[in-house]
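The values are calculated or read from the model by the stated rules, or taken from the named source; none is laboratory data. Everything numeric in this text was worked out from a predicted model, so none of it was measured. Cβ placement follows ideal geometry from the backbone for every residue including glycine, while neighbour counts extend to all protein chains displayed.
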Amino acid sequence: MEVVLNLDKERTFRLDLNALCRIREHYPSLNDVGAALQAGDPNVIRVLLWGGLAGEDPKLTPEKVGQLVTIDKLEEITALLAQVAQAMAGKKSSLKGVH
């Protein structure tokens with residue numbers, strides 16, 4: 001799953017095996033990711049984005065990703081990550097622009 005995001009520049013969010021491993025460094029149970037996202041935990045937003053973006057830019061940190069997401073982009077990012085959480089849970093996703 002790949003989605004191009006316009007943050008500080010165009011960045012490709014890619015949910016692959018390496019991204020899942022990066023996410024699990026912070027959330028050992030992937031089931032906890034969906035619950036944390038539903039609860040509106042800002043840490044899970046940062047970690048999910050970082051997990052998917054760090055493959056393209058290994059210098060990124062969760063904190064740097066947090067700086068890239070401004071409040072005006074938060075609703076769009078949260079909607080994307082809800083779909084990502086569904087995909088991680090094994091549900092079909094209908095992301096627009098996914099390759």
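Of the listed requirements (1) within 14 Å of Leu7 (Cα to Cα); (2) touching a strand residue (DSSP E or B) at 6+ places or on another chain (Cβ under 7 Å), Val69 misses just one: (2). Of all residues in segment 1-48, those being in contact with a Pro (Cβ under 8 Å, 6 or more places away or on another chain) and crowded, with 19+ Cβ neighbours inside 10 Å number 2. Residues of segment 22-31 being at pLDDT 80 or above and part of a helix (DSSP H, G or I), which ones? Arg22, Ile23, Arg24, Glu25, His26, listed by residue number. Reported count of residues in segment 57-72, each being in contact (Cβ under 8 Å) with a residue 24 or more places away in the chain and either more than 13 Å from the chain's Cα centre (by Cα) or surrounded by fewer than 13 Cβ atoms within 10 Å (Cβ to Cβ) (or both), is 1. Restricting attention to segment 39-69, the residues that are part of a loop (DSSP other than H, G, I, E, B) and small (Gly, Ala, Ser) add up to 4.
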